[in-house]
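Take a look at the structure set out below.
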Amino acid sequence: MQEEKTLVVLLGPTGVGKTELSLRLAEKLKSPIVSADSRQFYRELKIGTATPTDVQLKRVAHYFIANKSITETYSCGQYEIDALNLLSQLFLKNDVVFLVGGSMLYVDAVCKGIDDLPTIDPFVREEM
């Protein structure tokens, strides 16, 4: 019999306490945290994003925190692919994983899926 896996979503605006709540729950359940905050992905965005501190990041395994540069193109559609691949790996070892953030589009991409949109030609992007 296969054990049931659970994705717990903590969603809300910046500064309401999602990080500390998620840390306490994740520590209790020995579960990792996957960020669903579109600005916390970027290393260079340190102001106004409420990114977890280095101390907080050491308490529990976190994913998608400061893993991209603002010079990289990264879409919600790519996040969906990356997050679902990561979750499939995390659920091999964890019964519960936390998805935490304030970007509803990114939460929806993981929980409901997102339409497959065409890739924009780099020349067109540069022109715009």
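The values are calculated or read from the model by the stated rules, or taken from the named source; none is laboratory data. Every value quoted in this text rests on a predicted model; they were computed, and no experiment measured them. Glycine gets a Cβ as well: all are built from the backbone with ideal geometry, and neighbour counts include every protein chain shown. Calculation scope for accessible area: heavy atoms of the full protein, side chains included, ligands and nucleic acids excluded. Shrake-Rupley method; radii C 1.70, N 1.55, O 1.52, S 1.80 Å.
A few remarks follow.
- For peptides 59-72, 81-94, 28-41, sequence by mean Cβ density within 10 Å, most packed first: 28-41, 59-72, 81-94
- Thr6, Thr73, Thr49, Thr119, ranked by accessible area, largest first (probe 1.4 Å): Thr119, Thr73, Thr6, Thr49
- Remark on Ser38: its backbone amide H falls under 5 Å from those of Gly102, Ser103, a criterion applied only to residues 5 or more positions apart or on other chains, H modelled at 1.01 Å from N.
- Sulfur and carbon atoms: percent of accessible area, the chain [1.4 Å]: 56
- Among the listed pairs Lys5/Lys28; Lys5/Lys58; Lys30/Lys68, a Cα-Cα separation exceeding 22 Å is found for Lys5/Lys58; Lys30/Lys68.
- Helix 76-93 axis versus longest C-alpha principal axis of the chain: approximately 20°, rounded to the nearest ten.
- Using C-alpha pairs below 8 Å separated by at least 6 residues, the relative contact order for the stretch 1-104 is 49 percent.
- Label corresponding to semi-axes √(5λ) of the Cα gyration tensor in Å when calculated from the structure given, among (1) 26, 19, 12; (2) 27, 18, 16; (3) 22, 17, 13: (1)
- Charged neighbours of Gln78, selected by a Cβ distance under 13 Å, balance to -3 (K, R count +1; D, E count -1).
- With all protein chains kept in place, the per residue accessible area of the chain amounts to 66 square angstrom at a probe of 1.4 angstrom.
- Centroid-to-centroid separation of the stretch 61-87 and the stretch 1-25 [C-alpha atoms, Å]: 18
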